[in-house]
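Trainee: Below are the structure tokens for one structure; questions will follow.
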Amino acid sequence: SNVTEEWIRNALIFLPNNPLLHIALAGFETDSQRADFLRSFGLARLPKSSAVCRRAGEMLLAQHQPRLALAAVDNALLADPTDQTAQRLRLEVLNAMPER
């Protein structure tokens, strides 16, 4: 589903504390420092919900931020260690990590 930047900005007016919206907005941000800020802001505010944290992980992976995606997925697995979708996503994120 292609969500526009305008849609996200409008949604933030009604849901200013929604961490997924901040992470989504980072994907449209051309200023890398502002994008990093939005991602950190969103990550810090993720609820203890495996579904929300997993979605954040998917979004961060799509934004080529595997390190941040890993943090989100680890939060998902803390909330629900049995979440198999999150377990699979964690492997996907680890595979996307640059070689040390």
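The values are calculated or read from the model by the stated rules, or taken from the named source; none is laboratory data. This structure is a prediction, so every number in the text was calculated from the model and none was measured. All Cβ positions, even for glycine, are placed from backbone atoms using ideal geometry, and neighbour counts span all protein chains on display. For accessibility, only protein heavy atoms count, side chains too; no ligands or nucleic acids. Shrake-Rupley method; radii C 1.70, N 1.55, O 1.52, S 1.80 Å.
Each row is one residue, and each column tells you yes or no for (1) among the hydrophobic types (A, V, I, L, M, F, W, C); (2) assigned to a helix (DSSP H, G or I); (3) in contact (Cβ under 8 Å) with a residue 24 or more places away in the chain.
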{"site": "22", "(1), (2), (3)": "no, yes, no"}
{"site": "46", "(1), (2), (3)": "yes, no, yes"}
{"site": "57", "(1), (2), (3)": "no, yes, yes"}
{"site": "61", "(1), (2), (3)": "yes, yes, yes"}
{"site": "78", "(1), (2), (3)": "yes, yes, yes"}
{"site": "82", "(1), (2), (3)": "no, no, no"}
{"site": "88", "(1), (2), (3)": "no, yes, no"}
{"site": "93", "(1), (2), (3)": "yes, yes, yes"}
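Here's the yes/no breakdown for (1) within 9 Å of the chain's Cα centre (by Cα); (2) open to solvent by less than 50 Å² (accessible area, probe 1.4 Å); (3) more than 21 Å from residue 95 (Cβ to Cβ):
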{"site": "12", "(1), (2), (3)": "no, yes, yes"}
{"site": "17", "(1), (2), (3)": "no, no, yes"}
{"site": "34", "(1), (2), (3)": "no, no, yes"}
{"site": "39", "(1), (2), (3)": "yes, yes, no"}
{"site": "55", "(1), (2), (3)": "yes, no, no"}
